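These notes concern the structure reproduced below.
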Amino acid sequence: MRKWGFLLLASVLVVAPLASCRDRSAPAGQTPATTAEGKSQQGPSRIDTIVSRGKLICGVSGELPGFSFVDEKGKYSGLDVDVCRAVAAAIFDDPEKVEYRKLNAKDRFTVLQAGEIDILSRNTTFTASRDSTTGLEFAPIIFYDSQSIMVKKDSGIKSLKDFAGKSICVQTGTSTEQNLSDQMRKLGVKYTPVVFEDVNATFATYQEGRCQGVTADRSQLVSKRTTLPTPENNVVLPIVMSKEPLAPAVKTGDAKWADAVRWIIFAAIEAEDLGINSANVDQTVASTTDPNVKRLLGKEGDLGKGFGLPNNFAVSIVKKVGNYGEMYDRNLGPNSTLKLDRGQNKLWKDGGLMYSPPFR
């Protein structure tokens, strides 16, 4: 009896620690699948759902020229839109297999968490709290920005201190609102925030003169200025309130889908870095001897397979949508109405921050 009692006790001591090591994210009675990289994965990935559905559902603003804007014919364009198109090209070899959902800043995270969209590509700032507490997993940064403020040229306002006793229009549900509050509190400036959920209402109120300034990301101010009746009468002040790294996001908890989106964006950046564009990609595929290029374009290895993508997914992106530089120039740079200098959004070798990890 003593022998059997000892054996029973020993088995309990061995099994208990193993049970405590079970993935706590898995519901009782359900064992999570594991990817080749050892990441916990609950059931089918979102990418499998997208493939079965036959289209990508992408959440965008639709109100911001240069990033995501829908014209009178219902056609979407912009850098955020091109991210959606690149993802669709990678999955389906067709950038048009996208259904766009226009979302305001307040509701965008709730809609993503509810699974109503596959990806959020809506000029969203990558922050610690959003990454840790809102159920988001961010993809690579696609635009490095900063927050500023726009005023009427004849207002006499030159700095934030000049807003003492004045009103500033700001959109709620954004990091912009908190940044403004933080800056004014630090300066000891008392002002009146005029808050709206809708971006168009925010800028319309500013245009009507009901607030003396409007604050947003610098790129958004430049973009929305083009929609005002007299753009030349408005000036974006040389004020930097914050860092605003803008990135797409997916719902957390799906490593395979998050990795696919992450490396689709990296592929567009790496293509520019390697000198591959929509005009020369076919020729490059046929003639390259560079191992780095071969791996990126799927001529060597099977990197696409690990993400649930065709092995030549990067070819589809570059051929159908373009590399990162082409996307930037078309929507924000010299080939656009905004003509924003790339600045920090240049490639790393040109003095910017755009950089892809190695494709190997």
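Kindly list the number of the only condition in (1) assigned to a loop (DSSP other than H, G, I, E, B); (2) modelled with pLDDT of 95 or more; (3) open to solvent by 50 Å² or more (accessible area, probe 1.4 Å) that fails for Arg122.
Condition (3) is where Arg122 drops out.
Considering each residue of segment 321-360, count those that are under 20 Å from the mean Cα position of the chain (by Cα) and either basic (Lys, Arg) or under 18 Å from Ala267 (Cα atoms) (or both), and give that number.
21
Take Ser278 and tell me if it is in contact with a Gly (Cβ under 6 Å, 6 or more places away or on another chain) and touching a residue at least 40 places away in the same chain (Cβ under 8 Å). Explain how you work it out, then say what you get.
Values: in contact with a Gly (Cβ under 6 Å, 6 or more places away or on another chain): yes; touching a residue at least 40 places away in the same chain (Cβ under 8 Å): yes.
So Ser278 fits the description; yes.
Among Gly298, Gly308, which is touching a residue at least 40 places away in the same chain (Cβ under 8 Å), outside any helix (DSSP H, G or I) and open to solvent by less than 50 Å² (accessible area, probe 1.4 Å)?
Exactly one of Gly298, Gly308 is touching a residue at least 40 places away in the same chain (Cβ under 8 Å), outside any helix (DSSP H, G or I) and open to solvent by less than 50 Å² (accessible area, probe 1.4 Å), namely Gly308.
Residue under question is Ala36, and the condition is that it be at pLDDT below 55, more than 23 Å from the chain's Cα centre (by Cα) and in a helix (DSSP H, G or I); does it hold?
no
Is it true that some residue in segment 253-275 is in a loop (DSSP other than H, G, I, E, B), open to solvent by 20 Å² or more (accessible area, probe 1.4 Å) and closer than 23 Å to Met354 by Cβ?
yes
Can you name the condition, by its number, that Asn335 falls short on among (1) touching a helix residue (DSSP H, G or I) at 6+ places or on another chain (Cβ under 6 Å); (2) among the polar types (S, T, N, Q); (3) open to solvent by less than 60 Å² (accessible area, probe 1.4 Å); (4) not in a helix (DSSP H, G or I)?
Only one criterion is unmet by Asn335, namely (3).
Give segment 64-83 a look and list any residue that's open to solvent by less than 40 Å² (accessible area, probe 1.4 Å) and more than 29 Å from Gly308 (Cα to Cα), or say none.
Result: Leu64, Pro65, Gly66, Val70.
Checking Leu112 against (1) closer than 23 Å to Leu221 by Cα; (2) at pLDDT 95 or above; (3) surrounded by 22 or more Cβ atoms within 10 Å (Cβ to Cβ): exactly one of these is not met. Which one?
(1)
All but one of (1) aliphatic (A, V, I, L, M); (2) open to solvent by less than 10 Å² (accessible area, probe 1.4 Å); (3) farther than 23 Å from Lys224 by Cβ; (4) touching a strand residue (DSSP E or B) at 6+ places or on another chain (Cβ under 9 Å) hold for Ala90, so report the exception by its number.
Going through the list (1) aliphatic (A, V, I, L, M); (2) open to solvent by less than 10 Å² (accessible area, probe 1.4 Å); (3) farther than 23 Å from Lys224 by Cβ; (4) touching a strand residue (DSSP E or B) at 6+ places or on another chain (Cβ under 9 Å), Ala90 breaks only (4).
The values are calculated or read from the model by the stated rules, or taken from the named source; none is laboratory data. As the structure is a computational prediction, the values presented were derived from the model and not from experiment. Cβ: placed from backbone, ideal geometry, glycine included. Neighbour counts: every protein chain shown. Quick note on the areas: whole protein, heavy atoms, side chains included, nothing else; ligands and nucleic acids left out. Shrake-Rupley method; radii C 1.70, N 1.55, O 1.52, S 1.80 Å.
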